[in-house]
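Participant: Pasting a structure here, questions to come.
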Amino acid sequence: MSEAIGYELHGDIAILAANNPPVNALGHAVRQGLADGMARAEAEGARAVLIYGTGRTYFAGADIREFGKPPKEPHLPELCNRIEASPLLVVSAIHGTALGGGLEVALGTHYRIAVPTAKVGLPEVHLGILPGAGGTQRLPRVAGVEAALDMITTGRHVRADEALKLGVIDRVVEGDPREIGLAYVRELLDEGAPRRPVSEMPAPAPVDFDAVYAAVLKKGRGQLSPATAVRAVQAACEAESFAAGLKRERDLFMDLMNSDQREGLIHAFFADRAVGKLPELDGVAPRPLAAIGVIGGGTMGAGIATAALLSGLTVTMLEMTPEAAEAAKGRIEGNLSGALKRGKLTSQQFDNLTTKALTLATDYAALSEADLVIEAVFEDMEVKKQVFTKLDAVCKQGAVLASNTSYLDINQIAAVTSRPQDVLGLHFFSPAHVMKLLEVVIADQTAPDVAATGFALGKRLGKVSVRAGVCDGFIGNRILSVYRTCADHMILDGASPYEIDDALEEFGFAMGPFAVADLAGLDIGWAVRKRKRAEGLDPRARDSAYADKLCEAGHFGQKTGKGYYDYAAGAKARVPNPEVMPLIEGERAQQGITPRAFSKDEIVRRYMAAMVNEAAKVVGEGIARRPLDVDVTLLYGYGFPRYRGGPLKWADLQGLPELLADIKRWAAEDAYFWQPAPLLEQLVAEGRSFDDLNKEAV
Ligand code: 3HC
Ligand code: NAI
């Protein structure tokens with residue numbers, strides 16, 4: 001017997017207890033242990049078998065770390081069949097999560113009992129695959145096609161009470177999984193309940209699978225796994241036998257298993273978990289965090305305050321005037337009313353948050369007891385310096401002082417205080433109560449426990465926090481400004497904003513860069529351009545004024561109804577703004593450029609190469625700790641398609657030598673913009689990948 005599965009004969013009931021922390025993943029030892037345990041129970045004359053998990057959960061799925069390696073017997077599909085075919089009565093007792101292969105094992109057993117807090121699901125599509133151990137064949141037989149399609153294509157976790165209604169679970173009982181499981185098995189034996197193999201249940205009636213496939217494909221924006229899973233469920237209805245359905249599921253599973261999308265999504269899964277692991281902060285305790293202050297209650301400050309209130313922190317919101325403070329409160333209430341409408345807050349909680357937990361202020365003395373203060377005032381260094389000078393004067397010793405600046409130098413901000421060790425950047429994304437990304441910007445003198453407090457705040461607010469170093473724009477905005485510049489160059493040379501948006505939306509971005517600019521407000525980019533010009537542009541840099549003219553005409557994007565697009569018919573019904581192309585054509589004529597055509601492929605290739613090249617510089621300079629930190633930043637803050645894993649995973653999958661060759665070729669036309677990143681050149685020379693760097697860093 002493998003140690004991963006404990007075996008015990010309790011009277012006439014054999015108990016198989018999984019013991020493979022942390023999540024009882026169904027790795028080889030667990031599968032072998034289950035197969036051996038079934039054989040032993042049968043040989044020792046047991047009448048029934050109870051399967052449950054020790055520790056925090058039942059089986060959370062196949063062991064994802066085994067993907068891409070040579071598979072070892074017993075394979076999971078055969079194991080599920082073997083459990084189901086046993087002459088003994090087999091029962092699962094579920095707590096924690098029965099996910100993926102975990103639910104498939106449970107569906108291979110004849111009865112399922114769960115504790116009320118248990119969740120079940122088939123989340124494989126999020127990993128770029130589909131349930132490959134009979135889940136697409138058994139779930140429709142117990143829950144019906146509609147429910148199975150919903151669970152399998154969304155991958156959502158279903159709570160025990162809903163699973164009970166759907167017939168996925170037979171009984172929900174509070175208690176210890178071993179105890180409730182044993183009592184249930186005893187009851188089933190006493191009443192002579194029959195074995196109940198799901199594979200022997202009738203095939204469910206088909207639905208219009210072509211229509212479902214098309215709808216799911218469209219919703220996935222190019223992600224293949226949910227749509228492919230529809231075809232597997234179709235086989236549950238239409239294949240000539242259960243075995244034939246399983247075979248079809250297996251074939252589709254293997255197609256996906258061998259895809260780049262599977263690699264991208266699994267990279268994203270592990271990157272999510274690795275990004276918060278920072279050896280330098282191991283064992284460093286964060287400072288206390290109960291009361292926070294927010295300065296500036298505009299778009300960002302109100303969003304940050306909302307997130308903090310929802311996480312149970314008390315918030316003091318400081319604004320310039322009582323009127324501005326009231327306006328900030330209005331914005332916070334607007335944000336919270338979304339949660340109220342969705343039933344995530346009761347009206348009592350809403351009132352408590354907006355009256356008791358939130359205090360408005362215009363006097364800095366109100367911040368004297370705050371544990372952490374986040375500044376979100378105008379993006380202007382002088383204003384920020386004034387704010388931090390005042391904070392330094394009033395805040396208690398040990399308070400953490402943070403700036404939400406998008407681009408400005410945190411070291412300069414810290415330098416106006418007498419406590420630069422307490423200062424860091426906490427860069428949220430808009431809308432701050434919705435977007436998951438938080439860049440924790442560590443300045444030269446930031447103390448380790450201040451950095452740890454930044455991460456602790458991120459965790460408390462439910463954010464994915466990424467460590468970033470100080471530079472113009474940190475990780476995300478620095479890379480963004482380069483690939484945006486690349487898009488602007490393509491426009492000068494002949495592409496239209498609409499062709500660029502189309503090509504990148506087809507690549508998988510939720511929105512193309514010009515639609516995003518309209519959403520964020522064209523005035524933001526305008527301010528950055530003005531600042532950079534004032535600082536002095538390199539004479540070799542290609543500049544253009546057409547976007548400034550759009551702003552000068554009062555077009556700031558969605559908020560004014562027009563930008564690159566016209567939003568007269570609503571945000572979703574965008575149409576090109578007819579004023580844009582003449583401005584662009586005028587600019588080309590003025591610069592003496594003869595426009596040429598760009599294919600979708602070339603647009604994507606150039607845009608992505610610019611992104612990857614700058615990302616390699618960001619990693620090479622230590623602004624991002626590892627390539628995966630860049631990937632997570634782009635995935636959570638910039639709408640990068642998750643199924644491509646992030647820009648540096650995408651680059652690995654493309655081949656770094658080919659990308660470098662493109663960059664060098666384009667350098668012949670613009671050597672200033674296309675300067676190859678030293679790290680990219682080094683990796684190519686050594687025949688290594690970005691992922692090799694991730695592995696070395698772990
Ligand atoms: N295989 C291997 N490792 C896994 C794993 C899995 N299926 N699921 C979780 N882990 C690891 C994590 O990487 C993490 O490792 P670390 O501590 O070294 O970083 C550790 O277990 C704990 O995971 P979390 O930090 O995510 O713990 P949470 O308590 O927040 O969440 C969970 C637990 C809900 C189970 C979450 O881990 C999860 O969603 N896991 C993936 C579940 C899944 O997708 N299952 C389907 C797998 S594919 C499959 O079964 C194919 C089959 O159809 C053939
Ligand atoms: P905003 O203009 O919507 O809000 C700024 C608020 O600060 C205003 O309400 C103003 O009254 C207040 N304010 C200005 N000076 C003040 C002072 N001295 N004391 C108190 N309050 C003061 O600006 P927004 O968009 O919220 O940006 C704030 C900061 O967040 C900027 O540094 C910006 O770069 C950064 N940021 C913005 C993002 C965005 O998408 N808007 C994203 C991430 C960061």
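The values are calculated or read from the model by the stated rules, or taken from the named source; none is laboratory data. Model, not experiment: these values are computed from the prediction. All Cβ positions, even for glycine, are placed from backbone atoms using ideal geometry, and neighbour counts span all protein chains on display. SASA here: full protein model, heavy atoms, side chains in, ligands and nucleic acids out. Shrake-Rupley method; radii C 1.70, N 1.55, O 1.52, S 1.80 Å.
Participant: Hey, got a sec? Which trypsin sites (Lys or Arg not before Pro) in region 589-698 land in a DSSP loop and have at most 10 other Cβ atoms within 10 Å?
Facilitator: The qualifying sites are R596.
Participant: Now for a separate question. Can you tally the net charge around E585? Count Lys and Arg as +1, Asp and Glu as -1, for every other residue whose Cβ sits under 13 Å from the Cβ of E585.
Facilitator: Neighbourhood net charge equals -1.
Participant: Turning to a different aspect of this structure: Counting helices only, and only those DSSP H runs with n ≥ 4, report the 222 nm mean residue ellipticity of the chain as the sum of -39,500 (n - 2.57) divided by its residues, in deg cm²/dmol to the nearest 500.
Facilitator: Rounded to the nearest 500, the figure is -15000 deg cm²/dmol.
Participant: Then there's this: Counting other Cβ atoms within 10 Å of each Cβ, which chymotrypsin sites (Phe, Trp or Tyr not before Pro) in region 555-635 have at most 15 and sit in a DSSP loop?
Facilitator: Answer by residue number: there is no such site.
Participant: Enumerate the calculated ³J(HN,Hα) couplings along region 666-677 in order (Karplus 6.51 cos²θ - 1.76 cosθ + 1.60, θ = phi - 60°), each rounded to whole Hz, writing x wherever the residue is Gly or Pro.
Facilitator: 5, 4, 5, 8, 8, 6, 6, 6, 8, 9, x, 5
Participant: Turning to a different aspect of this structure: How big is the charge dipole of the chain about its Cα centre, in debye rounded to the nearest 20, if each Lys and Arg gets +1 on its Cβ and each Asp and Glu gets -1 on its Cβ? Could you put the intermediate results ahead of the total?
Facilitator: Details: 76 positive and 90 negative charges, 110 e Å.
Rounded to the nearest 20 debye, it is 520 debye.
Participant: K69: which aspartates and glutamates have alpha carbons under 19 Å from its alpha carbon, excluding same-chain residues fewer than 8 sequence positions away?
Facilitator: Excluding near neighbours in sequence, the set is E78, E124, D251, D255, D260, E263, D652, D691, D692.
Participant: For the chain, what is the accessible area per residue in Å², given a 1.4 Å probe and the full set of protein chains? Provide the component values of the computation, followed by the final result.
Facilitator: Details: 28410 Å² over 698 residues.
Heavy-atom SASA per residue in the chain reads 41 Å².
Participant: Please report the accessible area of V394 (heavy atoms, 1.4 Å probe, ligands and nucleic acids excluded) in Å², nearest 10.
Facilitator: Surface open to solvent at V394 totals about 40 Å².
Participant: Excluding same-chain residues fewer than 8 positions from K463, which aspartates and glutamates have a Cα within less than 15 Å of its Cα?
Facilitator: Partners found: D272, E439, D629.
Participant: While we're looking at this one, here's another question. Computed FRET efficiency, Cβ-Cβ of R47 and M201, R0 22 Å: what is it to the nearest 0.05?
Facilitator: My answer for the efficiency is 0.45.
Participant: Shifting gears a bit: Please compute the Kirkwood hydrodynamic radius over the chain, one decimal place, Å, based on all pairs of different Cα atoms. Mind showing how you got there, number by number?
Facilitator: Values: mean 1/r = 0.0356 Å⁻¹.
Taking the inverse mean of 1/r over all distinct Cα pairs, the chain comes out at 28.1 Å.
Participant: Could you tell me which of P420, L480, M490 has its Cα farthest along the dipole of region 369-499 towards the positive end, charges placed at Cβ (Lys, Arg +1; Asp, Glu -1), taken about the Cα centre?
Facilitator: Going by the Cα projections, it comes out as P420.
Participant: I'd like to know which of L99, P177, L164 lies farthest towards the positive end of the charge dipole of region 45-182, counting +1 on Cβ of Lys and Arg and -1 on Cβ of Asp and Glu.
Facilitator: P177
Participant: OK, next. Among the lysines, which have Cα under 25 Å from the Cα of K390 when same-chain residues fewer than 8 positions away are ignored?
Facilitator: Within the straight-line cut-off, K390 pairs with K329.
Participant: Work out the FRET efficiency for Q412 and R156 from their Cβ-Cβ distance, taking R0 = 56 Å, and round it to the nearest 0.05.
Facilitator: 0.75
Participant: Would you mind working out the magnitude of the charge dipole of region 186-314 relative to its Cα centre, with +1 at each Lys and Arg C-beta and -1 at each Asp and Glu C-beta, to the nearest 20 Debye?
Facilitator: Result for region 186-314 is approximately 380 debye, rounded to the nearest 20.
Participant: Of A610, G620, Y638, whose Cα points farthest to the positive end of the dipole of region 603-682 (charges on the beta-carbon: +1 Lys, Arg; -1 Asp, Glu; origin at the Cα centre)?
Facilitator: Result: Y638, furthest along the dipole toward the positive end.
Participant: Could you give the size of the charge dipole of region 417-550 about its Cα centre, using +1 on the Cβ of each K and R and -1 on the Cβ of each D and E, expressed in debye and rounded to the nearest 20?
Facilitator: For this selection, approximately 580 debye.
Participant: Of the trypsin sites (Lys or Arg not before Pro) in region 427-501, which ones lie in a loop per DSSP and count no more than 16 other C-beta atoms within 10 Å?
Facilitator: Details: sites: K436, K459, R460, K463, R467, R478, R484; in loops: K436, K463.
Counting only loop positions with at most 16 other Cβ atoms within 10 Å, the trypsin sites (Lys or Arg not before Pro) in region 427-501 are K436.
Participant: At a 1.4 Å probe radius, which order do K219, K247 fall into by accessible area, largest first?
Facilitator: Details: K219 165, K247 120 Å².
Putting K219, K247 in descending order of accessible area: K219, K247.
Participant: Further, regarding this structure: Long-range amide H contacts for L426: which residues qualify at under 5 Å (H placed 1.01 Å from N, peptide plane, sequence gap of 5 or more or a different chain)?
Facilitator: S403, N404, T405, V441
Participant: Ok, one more. For K695 and A553 in the same chain, what is the full-extension length gain: residue separation times 0.36 nm, less their Cα-Cα distance, in nm?
Facilitator: 46.1 nm
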